[in-house]
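One structure below.
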Amino acid sequence: MAAKLRKGDKVIVLAGKDKGKQGEITSVSPTSGKAVVDGVNVAIRHTRQTQTSPGGRQPKAMPIDLSNLALVDANGKATRTGFRFEDGKKVRFAKTTGDVI
């Protein structure tokens, strides 16, 4: 299946404890169907002190399911993603505005 959401896309959370929050995708795992978004689904991880890191309680963004994310269009609203061919290339476009992503 084609990747509707990719690394670097600005998305909004549709469901869950962080509903309504926006952020940028930092990584996507297509096999598990999850993505890590900056500032969303943050958990506290306790790390041991080492010579390179101070240790303590470190916030870490955990993966969130792709079905709970929607792309943000030029108007700042959630949109679905479609595919079409332009000049012989397959491109993604926002279904609300029709703009190429």
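Working only within region 69-87, note down all residues that are of a type outside the set (Asp, Glu) and open to solvent by less than 70 Å² (accessible area, probe 1.4 Å). Write out each step before concluding.
To start, the set of residues in region 69-87 that are of a type outside the set (Asp, Glu) comprises 69-72, 74-85.
Selection gives LEU69, ALA70, LEU71, VAL72, GLY76, ALA78, THR79, THR81, GLY82, PHE83.
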Next item on the list: Would you point out the residue of region 1-58, among those that are crowded, with 16+ Cβ neighbours inside 10 Å and acidic (Asp, Glu), that is nearest to ARG84 (Cα to Cα)?
Entry: ASP9
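The values are calculated or read from the model by the stated rules, or taken from the named source; none is laboratory data. Values in this document were obtained by computation on a predicted structure and should not be read as measured data. Heads up, the Cβs are rebuilt from the backbone with ideal geometry, glycines too, and the neighbour counts pull from every protein chain shown. Surface areas here come from the heavy atoms of the whole protein model, side chains and all, with no ligands, DNA or RNA. Shrake-Rupley method; radii C 1.70, N 1.55, O 1.52, S 1.80 Å.
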